[in-house]
Amino acid sequence: MSDGERLPFRRLRLPRPDVTVQDRLRRVRRSWRMLLRLAVATGGAYAIATQAFGHAQAFFAPIAAVITLMAGAGRRQRVVFELVLGVAFGVLVGELLIHAIGRGGWQIALVASLTAVVAMLFNLTGMALTQAINSGVLLAAVVPVAGVSNPALTRFTDALIGGLCGFAMLLVLPRNTRRDIDESLQRLLEVLASVLERICEAMRTDDAALADRALSEARDAQPLIESLHATATNVSEIVRLSPMRWSQRAAVERYADSVNDLDNAMRDARVLARRVAAMLRHAERAPSGLTDSVATLAEAVRIYGDEFSSAVDLERANDRLVAASREAMRSMGERLTVNTAAIAAQVRSLAADLLMAGGMPRSALDDLLDVD
């Protein structure tokens, strides 16, 4: 390009945000529990530390409450306790070190390192270890009020008060356990239905590439499965601990019991997609009954997705699952090959896992799914 040439001017277009103002307002409205927990825990921790214990510089109480609430919400009980102890422990160790060596740049470096070493010796890991180090560093940078007796004990107590206030608010005003696990479950069912519909379309159109895309979609669902497992564990602990959620115990336990079966169903879908792709690459046409059985499976999953906790919907879905399995078994009489037999067996396995996810006992499956 010569010196006289200029690149044509192009107006830069900023990408439009995917999240609208309405979405943000909706998120704020749905976060009212978290906002109320923050307000009560921080204000309560500071009031207890200053009024009940007479601490003049009780900033660690609300800080510990915030750390426990924001890092501990949705985590297992053991992790929350580790957070509380990690913050308080970091305060105690840091203050004792500072009392001996004073404050400054190298002291902060030493406090951070030694707090980490001691915390690891006490088996604090992850978030608890991070908060212990943060607490020690903050201590090294903040000079206590003159005349305060035993600042190490004072700040340790403040951190413990704040942590316990935060933990108490997690129990008094917990997350909506049934809604949270239902949302996670619905996301997984949506992906499973999409995968099955894509497999069905691949069988109808003899498109092996489409079956491969279904396999990729099923593999990409692994983070959703891991998130569902974590959510099930968390909400199960909440309904055991929080009196505010005891009424949801039965529903949450039912959701949680279905998680492993839904995980197995998604694994079955991956195997099904792989077998269909192999069949189509070998120029085999799927029997019409086998294709219809996969479509019926997808229909059943959509019914589950509408309202998993509805007995009426579960009965409808279970009927479709039984129909899908029997249809697949009968289709082998049309065109029996290694691939069609494997696909039919996989449809039956997927139907069985979904039936168990809906509460069907394993002992009843053979009678339901066997072809007359």
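The values are calculated or read from the model by the stated rules, or taken from the named source; none is laboratory data. Only a predicted model underlies this, so the values are computations on that prediction, with no experimental measurement involved. Positions of Cβ are generated from backbone atoms using ideal geometry, with glycine treated the same way; all protein chains shown enter the neighbour counts.
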Within the range 195-223, of all residues that are surrounded by fewer than 18 Cβ atoms within 10 Å (Cβ to Cβ) and not charged (D, E, K, R), the one nearest to Thr68 (Cα to Cα) is Pro223
When you look at Ala345, is it crowded, with 19+ Cβ neighbours inside 10 Å and either assigned by TED's automatic domain parsing to the domain that holds Ala278 or aliphatic (A, V, I, L, M) (or both), yes or no? no
Counting only residues that are touching a Phe, Trp or Tyr at 6+ places or on another chain (Cβ under 7 Å) and hydrophobic (A, V, I, L, M, F, W, C), the range 148-201 contains a total of 4
Is it the case that some residue within the range 47-59 is free of Cβ contacts under 8 Å to residues at least 24 places away in the same chain, β-branched (Val, Ile, Thr), part of a helix (DSSP H, G or I) and closer than 12 Å to Ile161 by Cα? yes
I'd like the residue in the range 324-342 that is out of contact with any Gly (no Cβ under 7 Å at 6 or more places or on another chain) and of a type in the set (D, E, K, R) and, out of all such residues, is surrounded by the most Cβ atoms within 10 Å (Cβ to Cβ). Arg326
Based on this model, can you work out whether Ile48 counts as modelled with pLDDT under 80, in the same structural domain as Asp158 (by TED's automatic domain parsing) and within 27 Å of Thr157 (Cα to Cα)? no
So which residues in the range 180-194 are surrounded by fewer than 19 Cβ atoms within 10 Å (Cβ to Cβ) and farther than 16 Å from Val259 by Cβ, if there are any at all? Ser194
Can you give me the number of residues within the range 190-211 that are touching a residue at least 12 places away in the same chain (Cβ under 8 Å), in a helix (DSSP H, G or I) and either under 25 Å from Ser247 (Cα atoms) or not hydrophobic (A, V, I, L, M, F, W, C) (or both)? 5
Show the residue pairs that are 6+ apart or on different chains and have beta-carbon atoms under 7 Å apart, the first residue being within the range 252-276 and assigned by TED's automatic domain parsing to the domain that holds Pro361 and among the aliphatic types (A, V, I, L, M), the second being buried (at least 17 other Cβ atoms within 10 Å of the Cβ) and not in a helix (DSSP H, G or I). Met266/Ala221
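Okay, residues lined up against (1) within 18 Å of Cys200 (Cβ to Cβ); (2) within 33 Å of the chain's Cα centre (by Cα):
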site: Asn318; (1), (2): no, yes
site: Leu321; (1), (2): yes, yes
site: Arg326; (1), (2): yes, no
site: Thr337; (1), (2): no, no
site: Ala352; (1), (2): no, yes
site: Ala357; (1), (2): no, yes
site: Met360; (1), (2): no, yes
site: Asp367; (1), (2): no, no
How many of the residues in the range 159-210 are more than 28 Å from the chain's Cα centre (by Cα) and either of a type in the set (S, T, N, Q) or not assigned by TED's automatic domain parsing to the domain that holds Ala39 (or both)? 11
Residue, surrounded by the fewest Cβ atoms within 10 Å (Cβ to Cβ), within the range 271-288, restricted to residues that are part of a helix (DSSP H, G or I) and charged (D, E, K, R): Arg281
Within 27 Å of Leu121 (Cα to Cα) and at pLDDT below 80 - does that describe any residue in the range 173-191? no
Go through the range 212-224 and give me each residue that's within 13 Å of Arg270 (Cα to Cα) and assigned to a helix (DSSP H, G or I). Asp212, Arg213, Ala214, Leu215, Ser216, Glu217, Ala218, Arg219, Asp220, Gln222
